[in-house]
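Notes follow once the structure below has been shown.
The values are calculated or read from the model by the stated rules, or taken from the named source; none is laboratory data. Bear in mind that the values here come from a model prediction, so they are computed numbers and not experimental data. Virtual Cβ from ideal backbone geometry, glycine too; neighbours counted across all protein chains shown.
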Amino acid sequence: MTGSAISKAVCKATTHEVSGPKKKHLDYLIHCTNELNVSVPHLADTLFERTANNSWVVVFKALITTHHLMMYGNERLIQYLASRNTLFNLNNFLDKGALQGYDMSTFIRRYSRYLNEKAMSYRLVAVDFTKMKRGVDGVMRTMNVEKLIKTLPIIQNQLDALLDFQANSNELTNGVINSAFMLLFKDSIRLFAAYNEGVINMLEKYFDMKKNQCKDALEIYKTFLNRMTKLSEFLKVAEQVGIDQGDIPDLTQAPSSLLEALEQHLASLEGRKIKELSTATRASTLSSAVSSLSSTGISLSRMDEKEDDNRLKVRRVHSPLPLYSIFLRQTSMRRCGTTWSFISVSGVFSFSTCSVPNLTSDLFNLQPTFNPHIHTVQSNNNAWGDIQPQTNTHTPPYTQTHISTQINSDSC
């Protein structure tokens, strides 16, 4: 699998056509992330180079393609992105010349900040929060207090960046921004599910925490309530633009009496004179709160499972080795009309030898057993892609000949 084929696929996924990246090009790039002879740094750098384009369409589609690969590609891609000192530097991006250029440039800046934050989260905890094991025996539900208080603010930061996209229904006017919104919608459900489970775990442990831990936990819970409100507003936009109400989870808030109980307990630990609730009342309030948040968790999981049921069946591949070789030979390639020359390099890329911190030890390793697979994107029958349920069919594994035929059939 040559670098020129990857470059061409990236080019074709990020054309000037005002629509989301095409299914066949995304499928090919996902396939590339699972091939050990493919240079992930080269793939990532090619996407970064497309974000240097002046067109909002090209830049937006490069971000969408990157996000899609982070979600459905092999984990070594997000590992590489997390290992970089810089990712997308689009804070000043502005397309002044194109139709919708000003409006879409605003969303490009916000979207790039979210992808940067998503990679940073992985860098800090060595796991993608949207893919971690959930449930009563999941990562967030079984985490100890010390790790929990460090981890929940990281999830909060990523969720904040996602919700800062702030698109209203009347601003989702083309297939490009619609594609980005759909990926954010899916991430929001999975990310908040992990967040919700962490908060449940924290509340169950709250009355046994030390004073400083209670103080931190109380602030985390107050922030959680605010984020739940913001997520509800985000989901309302999703419903307004046509996402089926059955695909939108119900968010059930804990009773307000819980916040009062938490504040009273902290006050008693700090020695302030205050009438504290009885043990029985406190236990009842906590039980009611956990039940409410558990209902939210069930609703979130149901939405996630529904998408999995609608996803086309894919074949699994073996996990990649922790080290993989990068061989760049002296060559030249055509990349969207420009010839690039590569210096001959032969070496081994290892995350543990990068100049950036070790991903598995920056904070702590939350990494579950990872089974990479090739995800096949559903056909986009409309500007919103895969909102409508699809019938499961088996797609045969991609071969180089099959992909090359598809790629070469279109013009860049």
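Of the residues making up the stretch 160-208, those that are assigned to a loop (DSSP other than H, G, I, E, B) and under 18 Å from the mean Cα position of the chain (by Cα) are Asp164, Phe165, Gln166, Ala167.
Checking each residue in the stretch 48-78 for being among the polar types (S, T, N, Q) and outside any loop (DSSP other than H, G, I, E, B) picks out Thr65, Thr66. Among the conditions (1) over 18 Å from Gln166 (Cα atoms); (2) of a type in the set (A, V, I, L, M, F, W, C); (3) assigned to a helix (DSSP H, G or I); (4) modelled with pLDDT under 95, Met228 misses just one, which is (1). For the stretch 248-269, filtered to residues that are more than 30 Å from Phe185 (Cα to Cα) and without any contact (Cβ under 8 Å) to a residue 40 or more places away in the chain, the residue that is surrounded by the fewest Cβ atoms within 10 Å (Cβ to Cβ) is Glu260.
Among the residues of the stretch 63-72, is any in contact with a helix residue (DSSP H, G or I) (Cβ under 9 Å, 6 or more places away or on another chain), farther than 26 Å from Leu159 by Cα and modelled with pLDDT of 95 or more? Before you say what the answer is, go through the steps one by one.
In the first step, residues of the stretch 63-72 are kept if they are in contact with a helix residue (DSSP H, G or I) (Cβ under 9 Å, 6 or more places away or on another chain); the result is 63-72.
Subset that is farther than 26 Å from Leu159 by Cα: none.
Checking the stretch 63-72: not a single residue is in contact with a helix residue (DSSP H, G or I) (Cβ under 9 Å, 6 or more places away or on another chain), farther than 26 Å from Leu159 by Cα and modelled with pLDDT of 95 or more.
With respect to the conditions (1) in contact (Cβ under 8 Å) with a residue 40 or more places away in the chain; (2) surrounded by 17 or more Cβ atoms within 10 Å (Cβ to Cβ), Leu47 lacks only one, and its number is (1). Considering each residue of the stretch 193-201 in turn, none proves to be closer than 24 Å to Thr252 by Cβ, out of contact with any helix residue (DSSP H, G or I) (no Cβ under 6 Å at 6 or more places or on another chain), of a type outside the set (Asp, Glu) and in contact (Cβ under 8 Å) with a residue 24 or more places away in the chain.
Out of the stretch 131-153, which residues are hydrophobic (A, V, I, L, M, F, W, C) and either under 18 Å from Lys222 (Cα atoms) or surrounded by fewer than 15 Cβ atoms within 10 Å (Cβ to Cβ) (or both)?
Residues satisfying the conditions are Val136, Val145, Leu148, Ile149, Leu152.
Determine whether Phe181 is within 19 Å of Trp56 (Cα to Cα) and in contact with a Lys or Arg (Cβ under 6 Å, 6 or more places away or on another chain). Spelling it out, it is not the case that Phe181 is within 19 Å of Trp56 (Cα to Cα) and in contact with a Lys or Arg (Cβ under 6 Å, 6 or more places away or on another chain).
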